[in-house]
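So the structure is just underneath, and the comments pick up after that.
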4 protein chains.
Amino acid sequence: MAGSMNKVIIIGRVGQDPKVSYTSSGQAVANFSVATDEGYRDRQTGQKVERTEWHRVVAWRQQAEFVNNYIGKGRLVLVEGKLQTRKWQGQDGQDRYTTEIVADNIQGLDRNPEGQQPGQQQGGYQQQGGYQQNNNYQQSRPQNGNYRQQNNQPPQPEDEDLGPAFPSEASGMDDVPF
Amino acid sequence: MAGSMNKVIIIGRVGQDPKVSYTSSGQAVANFSVATDEGYRDRQTGQKVERTEWHRVVAWRQQAEFVNNYIGKGRLVLVEGKLQTRKWQGQDGQDRYTTEIVADNIQGLDRNPEGQQPGQQQGGYQQQGGYQQNNNYQQSRPQNGNYRQQNNQPPQPEDEDLGPAFPSEASGMDDVPF
Amino acid sequence: MAGSMNKVIIIGRVGQDPKVSYTSSGQAVANFSVATDEGYRDRQTGQKVERTEWHRVVAWRQQAEFVNNYIGKGRLVLVEGKLQTRKWQGQDGQDRYTTEIVADNIQGLDRNPEGQQPGQQQGGYQQQGGYQQNNNYQQSRPQNGNYRQQNNQPPQPEDEDLGPAFPSEASGMDDVPF
Amino acid sequence: MAGSMNKVIIIGRVGQDPKVSYTSSGQAVANFSVATDEGYRDRQTGQKVERTEWHRVVAWRQQAEFVNNYIGKGRLVLVEGKLQTRKWQGQDGQDRYTTEIVADNIQGLDRNPEGQQPGQQQGGYQQQGGYQQNNNYQQSRPQNGNYRQQNNQPPQPEDEDLGPAFPSEASGMDDVPF
DNA sequence: TTTT
DNA sequence: TTTT
């Protein structure tokens, strides 16, 4: 613990609306991806090249609620956190590893595209609504516990606080890590 | 490129002596892992728990030479860099992803255990010797280009600058990501 | 140099249009201030309090030119750099110290309020025009060398690369450091 | 508060034993300075030059107690915190400004020179003893409240949480800011 | 998958 | 795989 630091700071665009779910103990957890861009000059051609790097972000509890309410696809965000590599089992039974940024500070840097004010809860019947696409999240997907039973691939860590559900590899992603 | 940041700062212990190799174009590349520790209090038991996180680090050119000469197993190091996720093919032909810290600043924070001075090159016949375990690296392992032919799993990226050789999965690691 | 780090990262709003000048050797230097906000809960009253912190930023050469062209009052900016404390002589002959962030990375995080494109130079006769308020900077203020003679308070460091002109204390600022 | 970041990370050597005191409400506060080194190549001569930068650090409460117990002159430390500029009145009645790093994370990176274990309190009659030079701190210096009356230069901020006592300019420091 |  |  002493003589140790694990710190990440990224600024970039959110790729898709965050997925927000709740553990069986009621902890909110949000997952989303952020793209950072880097311009560099190719050593061979001398051409300027733009390169995009994608980062998986996980937020828990209050941070997850904030994400649920204010962060959506396309927003410019600041994420500060730490690196964490999770192990999970592929469908072939082999171990896989996924590195994520566990956020402890998330901020929107551009204007909220839906005009919501930070700290202001959306009205209406929905409890954790915010960005519309998240509203039906729990309906369009089985309960967290059930999800694990129905599709134990990729699995949840035994300790619910160790990590959120990993996006299914069956969901059609092929050329990107997440 | 604007409105973008991708920054990582870690301080921790080097797990094994770095692997240093050279691309076919003569670029030095070093790979090593760093452990960071985090103490936290378990929410269930209230007990203090120590948790270790492992980080893969890649260094190129001058940084790789520095690593080769001065960084060895057990050293406390500062690594500053950016996150990069590489795609490679598993033996089963499936895509895998590995996230690494591409270092642009590496420093030893404790005293050099072999008494070498930074900036001071080891004498003798060996060219990039430093930490002894690295000396025979190129002998104990096939040439970079051959390596890829003999064992195309995991493969090198086509662009040699995109990533170093990935540690073989056949090398007996089972429970750790690298 | 080893075992050393001096790193600052701030995100905030630019307080006034940057002052850009040129040293006698032709080096561009930009000075501006950035406000960061911090919300905290007062320990006595339990009330939420907003607190603003002002940071002096100095940028040199290419960074200064970028500032001159794209950064103006009110913009949300990211500044990455290092801390540096400069010594200068007050009118009373006593030593004063000013701490600044010497920037090595400056980015605008909101939309450029004047519609300029990064990397795109403004047309017209003016050489380093950009934000209009900077255009006449060198006219509204004496030459760098003269400035020091006319008003040796606060003075320029002898080495022109050590620091830019310090804002005059006679300029009406009273409750803020700059 | 949103769209704002104020972050500093330094690694360097502690210049003198920290000064630890207590506010009238019993809050511990520690003040010390840290040197960071930077090597660069002089643009005129082409010579390598080493430059030392000094940073004032302030720590409160638990961090101050940790400093009191484990941090002394010469130690290599990591300090993470935020920048804060305090205003105070010089003996001439003029405003002065001092920029400090308000620490929220302090770690010793080398071995504790007095063999103390972190978390282990020194035995004996002294309450917050640790580094010996701090033991008599409260005796060698008047009470915080009295100190301000006897020597209102430089003064304490009215709100005790805004900042610790500033080192007297009469104390013989001439060429360094603190 | 984002965005300029 | 590190280290305290």
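Of the conditions (1) away from DNA strand F (no atom under 16 Å from the Cβ); (2) closer than 30 Å to A:R61 by Cβ, B:G12 satisfies every one except a single condition; which number is it? Condition (1) is where B:G12 drops out. From the list B:N68, B:N31, the lone residue that is within 18 Å of the chain's Cα centre (by Cα), away from DNA strand F (no atom under 16 Å from the Cβ) and modelled with pLDDT of 95 or more is B:N68.
Taken over the stretch C:10-33, the criterion of being within 25 Å of D:I9 (Cα to Cα) and surrounded by fewer than 20 Cβ atoms within 10 Å (Cβ to Cβ) is satisfied by C:R13, C:G15.
I'm trying to understand the selection: among the residues of the stretch C:1-23, which are small (G, A, S) and more than 7 Å from chain D (Cβ to nearest Cβ)? Write out each step before concluding.
Filtering the stretch C:1-23 down to residues small (G, A, S) leaves C:2-4, C:12, C:15, C:21.
Once the filter is applied, which keeps residues that are small (G, A, S) and more than 7 Å from chain D (Cβ to nearest Cβ), the stretch C:1-23 yields C:A2, C:G15, C:S21.
Could you look through the stretch A:31-52, keep only residues that are at the interface with chain B (Cβ under 9 Å from one of its Cβ atoms) and in contact (Cβ under 8 Å) with a residue 24 or more places away in the chain, and pick out the one that is farthest from A:Q16 (Cα to Cα)? Once the filter is applied, the top-ranked residue is A:D37. The residue list B:Q91, B:Q62 contains one member that is in contact (Cβ under 8 Å) with a residue 60 or more places away in the chain, more than 13 Å from DNA strand F (Cβ to nearest atom) and more than 13 Å from the chain's Cα centre (by Cα), which is B:Q91. Would you call D:V67 away from every other protein chain (no Cβ under 11 Å) and closer than 30 Å to C:D37 by Cβ? Here the answer is yes, as D:V67 does meet what is asked.
Across the stretch C:61-83, the qualifying residues are those that are of a type in the set (S, T, N, Q) and crowded, with 22+ Cβ neighbours inside 10 Å, and the one among them that is nearest to D:R56 (Cα to Cα) is C:Q63. Among the residues of the stretch D:37-51, just one is over 30 Å from the mean Cα position of the chain (by Cα) and either under 20 Å from D:I10 (Cβ atoms) or hydroxyl-bearing (S, T, Y) (or both), namely D:T45. In summary, B:Y40 fulfils each of the numbered conditions (1) surrounded by fewer than 16 Cβ atoms within 10 Å (Cβ to Cβ); (2) hydroxyl-bearing (S, T, Y); (3) within 16 Å of DNA strand E (Cβ to nearest atom) with the single exception of condition (3).
The values are calculated or read from the model by the stated rules, or taken from the named source; none is laboratory data. Here the structure is a predicted model, which is why all the values come from computation and not from measurement. Glycine gets a Cβ as well: all are built from the backbone with ideal geometry, and neighbour counts include every protein chain shown.
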